[in-house]
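Here's the structure, in C-alpha cells; my notes come after.
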Amino acid sequence: MLSHISTLIAVQTQTGLSFQHNRNWLSELAEDLPQLVWASDENGKKTFCSHRYFDFTGVSDLEAMDRQWNGFVHPDDRAPTFKKWMDSLRSGESYTAEYRLLRRDGTYRYVRAQALPTRDENGRINGWLGMSKDINEEKVAEQLRDIEGKIQAVRRLASSIAHEINNPLESVTNALFLALQDRNIDEDTRNYLNIADAELQRLTHITTNSLRFHKQSTAPIAIQPANLVEEVLSTYMTRLRAAEITLDRKYRSDLRLLCHADDLSQAVAHLIRNSIDATQPGGQVIIRVRDSWSRTASNRPGVRITVADTGEGIRRELRERLFEPFFTTRGATRTGLALWITHQIIRKQGGSISFRTSTDRSHHGTVFSIFLPIDGIDGDTLIN
C-alpha cells in the first residue's frame, strides 16, 4: 500500500501539483484505488477524503470527517492509534497502524492505515497522504488460526492430564469395587462407597471424553447426535449445579448423522456455555434433540438440536449482529467469535442455525436451533 502512496507523491513531485490545492486531480486518482484515500496538512488536519472513505463511514463532508475521525475508531484501539499518528506528525516518519473502524452499518471492520509525508521544494513537510485498507477477512482468518492453535494446545493438555489421572483412577475404582464386596460393612458405609463409586464413574467418563477430544479425526464420522450432546453436557454438569441452574433435556432421535464430530461438539459447547452465562441462579437450560425436516423448500430429513435458556433475552438492537465476528455483549471477557464460529461450523455441516428471543418480563429467554441434514456431508469418507 505504501507503494501506491509513493507513486502518488512521485507524480505530485514531478508535476508540481499540490494535494491541498488540486483536490480534483487527487480525487480522480484516488477513486481508481480500492483503498480509502485521505490527505491532511502538516498538522494532521484532514484536507481530502475519497468518496470510498465517505461511503464507508457514512459521513458527508470533510469538516465532519476531520472532527469525528477519532470517534470512528473502536474505543479499545483509539488511544494507541492516535499516539502512533501523533508520533509520525512529530517525527516525520511514515505512519502505519491497524485498528477497527466503524462502518456506516454500525459494524467495526479492521483496517490497515498507512501514510507518508509530502514535502515542498525545500524539503519541509507540507502534508500527509494516506490510505486505509479493509483487512477484516485477513484478521478474522488470523484470529481463527490463533484460536485453532490454542484449541490444539488445550487438546494436548487435556490428553496429558487424562493419561496422568487414568492410572490412579483405575486403582481407586478397583479398591472401591473390592470394598463393596465386603458383606460386613454397615449400610451407611455402603451408601457412601456407592456415592464415591458413582462420582468416580463420572470422572472416568470425563477423562475418556478428554482423550477422545484430543484424538478426534478431521474426517466425517457417523454419530448419534444425542450421544454427542450428552458428552458435551458432561463437562458442564458441575458448573450447572454450582450456578443452581436446572437442566431439562429430552432426546427423541435415533438417527445416525454423518458429521465432523469434533467441530459439532465445539458448536454445541458454545451454545450451552452461552445459555449458562445468560441464566440467573434458579433459572433453566433446556436442551432437545429430535428428528426433523428442514424448513426450506428442499424439505430434507435431519436432526434438530435446540439449546434454550430462561435468561433476560437479547436486546432488539443487538439481534442482527449476533453472528458477526468480534461482536460480543460481554465486553473484554469474550472475543466475540464463539457464535460466528458456531455459524461457520453449522454451514460446513450443510445445516442452518437460527434463534428466537424475548426480553418480555413475563416470558423471557433465548432459543438457538440447529438443523443438520443427514445428507449434509458426502458419505464417501465415512468412518465406522
In sequence order, what are the phi-derived ³J(HN,Hα) couplings for the stretch 39-44 according to the Karplus relation 6.51 cos²θ - 1.76 cosθ + 1.60 with θ = phi - 60°, rounded to whole Hz, with x for glycine and proline? 9, 9, 7, 5, 9, x
Peptides 136-147, 180-191, 118-129: what's the order by average Cβ count within 10 Å, highest mean first? 118-129, 136-147, 180-191
The stretch 255-269 - phi-based ³J(HN,Hα) in whole Hz, Karplus 6.51/-1.76/1.60, Gly and Pro as x: 5, 9, 10, 7, 7, 8, 4, 5, 5, 5, 4, 4, 5, 5, 4
By per-residue mean of other Cβ atoms within 10 Å, what is the highest-first order of 241-247, 308-314? 308-314, 241-247
Could you compute the FRET efficiency for N174 and H363, with r as their C-beta to C-beta distance and R0 at 41 Å, rounded to 0.05? 0.20
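Can you tell me the order of 260-272, 100-112 when each peptide is scored by its average per-residue count of other Cβ atoms within 10 angstrom, highest first?
260-272, 100-112
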Long-range amide H partners of A243 with built H, under 5 Å: none
Enumerate the amide H contacts of Y110 below 5 Å, restricted to partners 5 or more residues apart or on another chain; note that Pro and chain-start residues carry no placed amide H. L101, I135, N136
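No value in this document is a laboratory result; all are computed from the given coordinates. Computed from a predicted model, the values in this text were never measured in an experiment. Glycine also receives a Cβ, built like all others from the backbone with ideal geometry; neighbour counts cover every protein chain displayed.
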